[in-house]
Amino acid sequence: MKKSVLFLIASLFSMSVLAQSIKLNKENLEPSQVYLSLVKMQGKDVVKVEYDTTIQGADQPTFVKLKNLNLKNGSIEVKVLSRLMKNAPSTSRGFIGLAFRINENHSKFESIYIRPTNGRADDQVRRNHSIQYFSFPDYDFDRFRKEAPEKYESYADMGLNEWITMRIEVEGAKAKLFLNNNKQPSLIVNDLKHGENNAGSIGLWVGNWTEGYFKDLKVTKYDAK
């Protein structure tokens, strides 16, 4: 019994030492179909990511990727704040979130994002679409709604222009999204479409007509690979 407890403690310790706060600067960030800048908000440096409005379609590789980072299983935590760009159409939702397991040429990755304008909408259907999982390139939100309605979306209270803490725990073919340090996940995905053995970098993701802000990125690797 004592050996089992000691082994568990050792395992937890070895996992915790792999946790790290990631410094966000232009030297370790690579924009993909977005505009990147560093700005100050409330006296603190944050990353500003603006969607390129010339990009066609939804759920695209529109993110700022972390250089020299490879994650298979682990936890990704970041604070996000979303605003609508000027002249944004009525269909804009302030799409913002994280991409993970991004391959080298950005042709394959998983993502979970939020739609802050939906969180307090008067329309219940819109509320039910506050959180979204997609898998690039084959599984966007539209395909999921047609083939598996409600399975890859969920509701959570949120709004524009406020800091929201997102934490994604990914292990194998499963991912969970936790919002604002809640103990229970707001979305569970049990079948990540690229499978359990995929690995890659992390991206600060924004969608159509979104001006997004990111800070306090922390990454914990569950394995040393």
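The values are calculated or read from the model by the stated rules, or taken from the named source; none is laboratory data. From a predicted model like this one, the values you see are computed outputs, not experimental measurements. Every residue, glycine as well, gets a Cβ built from its backbone with ideal geometry; the counts of neighbours run over all protein chains shown. Areas reflect the complete protein model, heavy atoms only, side chains present, ligands, DNA and RNA absent. Shrake-Rupley method; radii C 1.70, N 1.55, O 1.52, S 1.80 Å.
Figures for the structure shown
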read-out: Relative contact order [Cα under 8 Å, 6+ residues apart], the chain, whole percent; value: 32 percent
read-out: Accessible surface, per residue, of the stretch 23-175 when the full set of protein chains is kept, probe 1.4 Å, Å²; value: 47 Å²
read-out: Candidate lysines for bridging to K26, where Cα separation is under 20 Å - those fewer than 8 sequence places away on the same chain excluded; value: K40, K44, K48, K65, K67, K79, K215, K218
read-out: Aspartates and glutamates whose Cα lies under 14 Å from that of K86, excluding same-chain neighbours fewer than 8 positions away; value: E50, D52, E211
read-out: Semi-axis lengths, Å, the stretch 120-185, gyration tensor of Cα atoms, sqrt of 5 times eigenvalues; value: 20, 18, 10
read-out: Degrees between helix 2-16 axis and first principal axis of the chain (Cα, 0 to 90, nearest 10); value: 40 degrees
read-out: Residues in the stretch 196-219 reached by a label modelled at A121 [backbone nitrogen below 18 Å; 7 Å Cα→Cβ]; value: 207-211
read-out: The chain - mean residue ellipticity at 222 nm from DSSP helices (-39,500 (n - 2.57) per run, n ≥ 4, rounded to 500); value: -3500 deg cm²/dmol
read-out: Amide proton proximity set for G200, modelled H, under 5 Å, gap of 5+; value: L71, K72, R101, I102
read-out: Length released on extending from D223 to S107, taking residue separation times 0.36 nm less the Cα-Cα span; value: 39.3 nm
read-out: Solvent-accessible area, 1.4 Å probe, carbon plus sulfur percent, for the chain; value: 49 percent
read-out: Unit Cα scatterers, Debye sum, the chain: log10 I(q)/I(0) for q = 0.11, 0.15, 0.17, 0.18 Å⁻¹; value: -0.52, -0.96, -1.24, -1.40
read-out: Dipole of the chain, positive direction: furthest Cα of T91, S32, A175, with charges on the beta-carbon; value: A175
read-out: Compactness of the stretch 139-225, expressed as Rg and Dmax over alpha-carbon positions, Å; value: 14.3, 38
read-out: Relative contact order of the stretch 145-215, defined on C-alpha pairs under 8 angstrom at six or more residues apart (%); value: 22 percent
read-out: Cut-off 14 Å between beta-carbons: net charge of the residues surrounding P61, Lys and Arg +1, Asp and Glu -1; value: -4
read-out: Label point at E196 placed 7 Å out along Cα→Cβ; residues across the stretch 120-162 whose backbone nitrogen lies under 12 Å; value: none
read-out: Under DSSP loop assignment and at most 13 Cβ neighbours within 10 Å, longest GluC sites (Glu not before Pro)-free interval of the chain; value: 1-103
read-out: Most mobile of T53, T117, T165 in a GNM of the chain (Cα contacts under 10 Å); value: T53
read-out: Spin-label proximity, Q184 to the stretch 151-167 - amide N less than 18 Å from point 7 Å beyond Cα toward beta carbon; value: 151-158, 167
read-out: Set of aspartates and glutamates with alpha-carbon distance to K151 below 14 Å, sequence-local pairs under 8 removed; value: D140, D142, D191
read-out: Gained length - D157 relative to K79, 0.36 nm times residue gap less alpha-carbon distance; value: 26.5 nm
